[in-house]
Each structure stands twice: as C-alpha cells, then as structure tokens.
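The values are calculated or read from the model by the stated rules, or taken from the named source; none is laboratory data. Quick caveat: nothing in here was measured; it's all calculated off a predicted structure. Every residue, glycine among them, receives a Cβ derived from its backbone with ideal geometry; neighbour counts consider all protein chains shown. Note: accessible area is taken over every heavy atom of the protein model, side chains too, but ligands, DNA and RNA are not part of it. Shrake-Rupley method; radii C 1.70, N 1.55, O 1.52, S 1.80 Å.
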Amino acid sequence: MTYRRTFLKQLGTVAGVSAFGRLLDVQEAFAAQLPVSALDESNSSSYALLRERYMLDSEITYFNHGSIGTIPRLVHEAHVGYLRVCESNPWLYMWGGEWEEPRARVREKAAATFGCDPADMCITHNTTEGFSTVANGLALGPGDEVVFSSLNHSGAGVCWYHNAPLKGFTVKEFEFPVLDVRDMSVDDVLNLYDQNISSSTRVLVLPHIDNVVGLVHPVKEIAQLARDKGVEIVAVDGAQSVGMLELNVSDLGVDLYCASPHKWLQSPKGLGLMYMRRELQDAVHPMWVTWGQARWRDSIRKFEDYGTRNLPELITLGDAIDFQLSLGTKAKVDRYRHLWEVFRAAALESDHVIWRSPDTWPMSASLFAVEVRDKVSTEVSQSMYQDHGFVFRPFRTQGLNTLRISPNVYNTEDEIARFFELTARL
Ligand SMILES: Cc1ncc(COP(=O)(O)O)c(C=O)c1O
C-alpha cells in the first residue's frame, strides 16, 4: 500500500511507526473481507445470508432500523481492533497525533457519502448535536422566526424551543396533515411549506425522511422555494436518509444537513455527521470550546473539538461506510424498494392491516406506518415483541395509532408474511 509506506516514512518515531502499522493492520484485515456477500435480486437467500454477517439475536425479527441500526460483525471487529490498539498506548493514540490522518480519511468518506467537500463535513455524535450547535450558536433575535412542521423530530426541534426565550426569536410549528399523507402529492407538500413560510422566517427546518410515516420530502424544491421567499437557512434532518438513499447535499442547495450514522450506515452508536455550508460555518459560534479552539477558527473542526473523544469509534465510521458501499448503493435502494412494495401490497390485500404511509415509491422509504384494525398500536407492539420477537415502534401521536416498520436489506419476505399472519390472530 503506497499510502502506508509514504506515511510510515514520514513518521519520525519508532513507536509511531509500529503503532500506525497496527492501525493499518486492523484496516487491512477488515478490507480483505469485503465484499461480504453480493446482494442478488434473483437469489432471495443472498439476503438471509447477509443477516449472518450481523449479531442480531436469532429469535428477533428486527424491523426497527429507524430507531437504531445494528452494526455488522466485521465492522464491530474492526472497532474492537482499534480499541485494542488504542489501549496499548492511549496517550499516543488520543493525543500523539497518530490518528489525525486516519481521521481525515473518515471525514473524506463521510463527505463522499453526503456529496460535499470534506471541509464542510463535521463528525459529531448525532443529529441532535448538529441542530443544537446551530440553534445555540446562531445569532437570532426578536423578529426572527424558525419554522418547522409537526413531522419534525424533537432532536431537530427542541433546541429551537430551548433557545427561543433566551434569544427572543419565535418558533412556528405548523400541523402536518399526517393522517392524509397517502393522498398527498409533491405539490401538496410544497404548498404546505409555502403557506407556512413568512417574511419573518429566517430558518426553515425539515426532515429529509420523517421518522413517523417515512415521507421523502422534496428537499431541493422546498429549499428553492424557501430561498425565493427570503429564508436564510434551510436546515435538514437526515437521520433517516443517510444510508437510505443516494445523497448529494451540494445539489440540494441546503445550508445544514445533520445525520446519525448509527441508524442506516450501521456505524457504532454515538456518532453523528453534520454538513454545514461554508457561509453558515462563519456565522455559527461553537457550542463547546477547549484549548485547541484557536487552531480551528477557520475550519469546521471548531464544532468538533471539545476535548477527549472516542477516536477508535470515530475511525470505525470509515469501515462502516466501506461496508455499506460494498453492498452497492443501488442494490440497497432496490432492496428497500422491494421490501416496501411487498409490505404495501400485503397491506392492501389484507383485511386487518391498513397502510398509513405515502402510496408512491419516490415519496417513500424503507420506513413506513401501518395500523392493525381495531387494535391499539402500543399493545400490538408489546405482544408482538413478547410473544414473537418482533421489534418495531408504535406511534400514538398526532392522531396516529400506527406501527412503524423499518426493515433493512437482510429482512425477508418470510418475515413480512409472518407479520401479517401473526397480526391477523391478535
Ligand atoms: C428523523 C430523526 N431525527 C433525529 C433523530 C435523533 O437522532 P439522534 O438521537 O441520533 O440525535 C431521530 C432518531 O430517531 C430521527 O428519527
């Protein structure tokens, strides 16, 4: 590996040479095992085989990737490998600069996943942190308005409510007609945003894919509409979209895009990603600061430097991204679509399951809502888990009585069929 040799040559210390070599040993052992298995549309067992590459309990049918993903065994092993290397000389790895270069490469991979410049990519802890950074650090005041819909997740919403009384700006949360989402078109969604953006709106917040019914918002069109109406900052919650769809934030024309790779990128828990447009970086004060801060004044890393952090975990993010890439972005999206189609078709045929999500794939994702007729969703969820090991999330908010199903590529048609069989007997 040329990079390895060049880097090792540049390193001055013997300790440094052997230590960096050990990190590369873990990375190379990981890379040698990719691709894990090809997703093959014509061979349904390829999906079940892929599941073997995870550590999910065999008694569990995991339909809850929208809440939290599960890490592939191979990525987990790489993580353990980095932890071991780190513990062999913690000072060296945490503070000795050894993992600066690997960290830069993780940023590059994350930026490629988002379709942005690495200089605009910050490695945070989760989506909530990204939104909190901006809500805390942006100069907003009396007369300014922050707008979002009731489909906005609290991780992208509470920070604005928290700061509004401190800074004097207002928050307008408008009702999203979630019960009618099946009948909505892209234009209906656009009109809704159009009606709720006012001349005082400085910040518009929206999910790319919401976590309740899985509507894929027309982000590019909404961002353009908002700009035309004078909105300064379009801030997008990508917690459910990164790893779910092919992304190009530069093309979307937004200012902020935050995500939680522990969901659909299957990274270790407690990692986040934040794209921030250059102009916004200059306008936002960091939420937390420490001794190294002056170094990062003109860099997005000013939002990332708050003292000691879990570098082995951060380095593992690069492997999680590589793992996902090895499955193939298109193959993954095709599989998500297939599972959505199978589930929806079964719901439309069934007497007891009602489909509650958008009806067309371009507005949909591998995260959707159904209702079991005449049953309370929280009770259905509890009994399906306790009696049959099904994991999904019930919703009893906004007039909904739904189960949110969020399968990943290795979930199978048999599992879906069993869901329908079992819920018919409730
Ligand atoms: C749409 C959406 N936004 C934000 C969040 C918050 O994510 P985190 O706790 O990783 O910040 C979630 C979590 O489920 C979510 O679904």
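Among A235, A226, A29, the largest mean-square fluctuation in a Gaussian network model of the chain (Cα springs under 10 Å) belongs to A29. Only one residue of S42, V205, G272 has its Cα farthest out toward the positive end of the dipole of the chain, where Lys and Arg carry +1 and Asp and Glu -1 on Cβ, and that residue is G272. Applying D = kT/(6 pi eta Rh) to segment 329-424, where Rh is the Kirkwood radius over alpha-carbon pairs, T corresponds to 20 °C and eta to 1.002 mPa s, the Stokes-Einstein value obtained is 158 µm²/s. Reported value for segment 28-102: 146 Å³ per residue, from the convex hull of its C-alpha atoms. Rolling a 1.4 angstrom probe over segment 332-413 with all protein chains present gives an accessible area of which 44% lies on carbon and sulfur atoms.
Mean separation of Cα pairs under 8 Å and 6 or more residues apart, divided by the residue count, gives the chain a relative contact order of 22 percent.
Computed from the C-alpha gyration tensor, the three semi-axes of the ellipsoid equivalent to segment 36-80 are 19, 15, 10 Å, from longest to shortest. Farthest towards the positive end of the charge dipole of segment 143-183, among the residues S149, V178, G168, is the Cα of G168, using unit charges on the Cβ of Lys, Arg, Asp and Glu.
Using DSSP H assignments, which helices in the chain have an axial alpha-carbon span of 20 Å or above and a mean Kyte-Doolittle hydropathy of -1.0 or higher? Correct list, ordered by number: 14-32, 73-88, 311-327, 329-349.
With each pseudo-label sitting 7 Å past Cα toward Cβ, what's the Q224-A38 distance in nm, one decimal? Rounded to a tenth, the inter-label distance reads 3.8 nm. What you get for segment 78-127, charging only the Cβ of Lys and Arg (+1) and of Asp and Glu (-1), is a dipole of about 160 debye around the Cα centre. The calculated FRET efficiency for D374 paired with S67, based on their beta-carbon distance and R0 = 25 Å, is about 0.45.
Size descriptors for segment 269-394, from the alpha-carbon set: Rg then Dmax equal 21.8, 63 Å.
Order L422, L190, L325, most accessible first, counting only protein heavy atoms with a 1.4 angstrom probe.
Working: L422 5, L190 30, L325 110 Å².
Sorted descending by solvent-accessible area, the residues read L325, L190, L422.
If I stretch the segment between A112 and R53 completely, what's the gain in nm (0.36 nm per residue apart, minus their alpha carbon distance), one decimal?
18.8 nm
Using 0.36 nm per residue and subtracting the Cα-Cα separation, the extra length available between E100 and A31 on full extension is 22.8 nm.
Compared with the rule-of-thumb size 2.2 N^0.38 Å for a compact globular protein, segment 109-323 has a Cα radius of gyration ratio of 0.98.
Counting only the Cα atoms, the chain fills a convex hull of 145 Å³ per residue. When we measure straight from the Cα of K229, which lysines land under 29 angstrom away, once same-chain ones fewer than 8 places off are left out? Partners found: K167, K172, K220.
In a reduced charge model with +1 at each Lys and Arg Cβ and -1 at each Asp and Glu Cβ, segment 274-405 shows a dipole moment near 360 debye about its Cα centre.
Restricted to Cα atoms, segment 226-269 shows a radius of gyration and a Dmax of 12.3, 40 angstrom.
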